[in-house]
Amino acid sequence: MSSIFNQNLPDYNNVKEIINEKSFERKVKETLESIEKDIVVARDKGIDQEGKETYFPPVYLTKRRVKSQHSAFLKTKRKMRPDLKFIKDFAGIRILVLFDDDLLKIFQFMLFHVIDPGFLEEVTLFNLPDRLVEEIKMDSSLAQHKKAGFKIDEKFEHFRVINRKSGYQSIHFIFRHTVKQTNNLYKGEKGIYGKVADDDFFIEAQVRTLLQDVWSEMEHKLAYKQGKTNPHISTSFKLLQEDISTMGRRLSNIQTMRNSHLALDHLAIRESRPYSYFSYEKEWEPKCFLAKKLAPDDKALAERYKELTDQYNNGEITPNAFGEQALTMVDDLNKLFKKADKDADQNSEDKIKYWYLMEKGFITFLIKDYDASGKLYDKVLQSSEFDHQPVPLFRRTEMNFVVEEGLDEKDLIPCLVGFDEVIARIKSLHERGKMSDVARQNGAAILAKIAAIYELMGAEEYMDYCISLFEEAGKLLDGVKEKKIRKSKLLVIQNNLGWAYLEKFRTSTDKGDMKFWHEKCVNELKPVYKEVCKAMVKDPEKFSSNMYDTLSWFFYLTYIHLENPNLGNDVISSSMVRPSKGENLLTIAQRFCGYIWRVKNKSSFLVSSISRQRSRAELIMNPNVQLLKEVS
């Protein structure tokens, strides 16, 4: 090591003179603020890519700082350097990501969108996995910088891979940026592209995960600047780094699982069709109020169309097959209805127009002709005669949700606002006592679909809101006069409510809350259990797989809790969960589980529903796996 007597180290006054804080810091800070702003805008608003989806770099957080005079002075002592030009991190910006897998994405983002070709001076990779190092070396984002003169040669002078004993993990960039100022510290300094221009200034950018940043800050505070005089501190930080690396990998695995679920949810939304085939009031359905005016052949066409819609509702015909036939038939029927009622008053004309636009809107939505469908629904919504109706607005908003395809809350706000207006219209009709049996059934179905959308956005976060929607749907159906329809429709809502209460039970940690939600669940599922048990003997396909799934999950979770000595009968006391001799709750759960795969799934979001059913079935059919629950 060189003697300090042979080193002409800057004194503090010299450092202060070079780094004039008033002019220096202001100019450099303005530059960093500008760079940080561009990064944050890219994160929040995305980057347009020609012919591709908008790219959103996975930036979690940004930090920036300008090195102070005293910090620069101390660094000359630590590094034993005679001047300040070696310090290339006076200006620094840090970009944090949540997951290890995001590091390569931000590396690419920095080289494509932040650092201009010909301005990249150094890249240093600290303690990164070999796989990631090789991916970075070969990444296309480096190509434009190599063209401009950046080199990755055998000496690795400008592209370095460093493995520190401390375990510190990060990606560092040194790049030049224009900072207009007098007395530029680096004026005349030689970079890899030749002499540094008068207004060019070196900036360091660091990219790391949030976990690595916490470790680095603590290590910097407790070990790095204090000279590591205590070897136990260094050892402790190295062990902590290993723990953090393990945690980072686990978080990345969790992210991968989450992304897989999200991919299925996106697919489920993309492949979803308009929910239910809503009925019309008899006085609004042309074939009903024009019955006396229709010729026999015209009546036959109307009946064939009704049979076709029944086939679709019962799952006897595919959406595309229904759409192909229905599209032509509905146009023919519209002409026939207009011809049959050529002397009609304005009221009849409005009803025929409403029926036609709504039917064709439904069919084009079903076959994914979203532009045509949107225009048809917009025509309905622009008519003052129909502006109070909830169904057209629901259809238009439902289609917007499918087209949006994502589950980002911010992007979905317009859809959610639309659903709020739909709910307000249903509430208004209900409060004014203007709801027929048809309106009540349609209203209940709409509320159930909106609840399913919120559940897809985040079951636990929005479950209370979902419950309120299902409960209101149940109240609407309670008022349906026709007993058979009321019973069958209510059974579906009771199953949905039972499921929601079951989720509240599953996620509760307080015994009192668990008892409360389990009892509510039992009350809703009793009639479902009774009817499904009958159907299992005579006609298993009478009910969808969703009902079998709910009952299977209910008995399984109840079994798990009764097996837990810390919970037991003081939480669960219903006679519904007392099995007959020779059976236990697990075998009952497994029996219901077996039927899930024999009958149709009628969920709004089929792909997501089947995926979740499979995950639950794996638990239920493997008695060695149990859900763990901590009780406060």
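The values are calculated or read from the model by the stated rules, or taken from the named source; none is laboratory data. Please read all numbers here as calculations on a predicted model, not as lab measurements. We place every Cβ from the backbone using ideal geometry, glycine too, and count neighbours over all the protein chains shown. What goes into the accessible areas is simple: the full protein's heavy atoms, side chains included, and nothing from ligands, DNA or RNA. Shrake-Rupley method; radii C 1.70, N 1.55, O 1.52, S 1.80 Å.
Summary table below
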{"item": "Entries of K299/K487; K504/K526; K293/K449; K287/K481 with Cα pairs more than 28 Å apart", "result": "K299/K487; K293/K449"}
{"item": "Centre separation in Å (Cα based) which lies between the stretch 296-318 and the stretch 116-165", "result": "66"}
{"item": "Neighbourhood net charge (12 Å Cβ-Cβ; Lys/Arg +1, Asp/Glu -1) for H430", "result": "+3"}
{"item": "Solvent exposure ordering (accessible area, 1.4 Å, most first) of D478, D48, D549, D298", "result": "D48, D478, D298, D549"}
{"item": "Spin-label pair R164/K147, simplified geometry with 7 Å Cα→Cβ offset, distance in nm", "result": "3.5"}
{"item": "Whole-Hz couplings from phi, Karplus 6.51/-1.76/1.60, listed for the stretch 441-452; x for Gly and Pro", "result": "5, 4, x, 5, 5, 5, 4, 5, 5, 4, 4, 5"}
{"item": "Potential lengthening between K526 and F56 on full extension [0.36 nm per residue; Cα-Cα distance subtracted]", "result": "164.4 nm"}
{"item": "Whole-percent carbon and sulfur share, accessible surface of the stretch 350-403, 1.4 Å", "result": "47"}
{"item": "Local net charge near D243, Cβ-Cβ under 14 Å (Lys/Arg +1, Asp/Glu -1)", "result": "+1"}
{"item": "Relative packing of 426-432, 452-458, which averages over residues the other C-beta atoms within 10 Å, highest first", "result": "452-458, 426-432"}
{"item": "Shape category assigned to the stretch 398-498 from the gyration tensor of Cα positions, a/c cut at 1.5", "result": "prolate"}
{"item": "Pairwise FRET efficiency - I254 versus K427, Cβ, R0 = 30 Å, nearest 0.05", "result": "0.15"}
{"item": "Over 32 Å (Cα to Cα) - which of K292/K368; K339/K375; K351/K489; K475/K511 fall in this group", "result": "K292/K368"}
{"item": "Linear extension gain, D48 paired with S71, 0.36 nm per residue minus alpha-carbon span", "result": "4.3 nm"}
{"item": "Amide H within-cut-off set for K602, under 5 Å, with H built and near neighbours excluded", "result": "S545, N546"}
{"item": "Quarter of the Cα convex hull surface for the stretch 427-474, i.e. its orientation-mean projected area (nm²)", "result": "3.2"}
{"item": "Probe 1.4 Å, all protein chains present, accessible-area order of R131, R270, largest first", "result": "R131, R270"}
{"item": "Amide H contacts under 5 Å for L61, placed H, 5+ residues apart", "result": "L96"}
{"item": "Neighbour cut-off at most 16 other Cβ (10 Å), DSSP loop, GluC sites (Glu not before Pro), the stretch 274-360", "result": "E281, E316"}
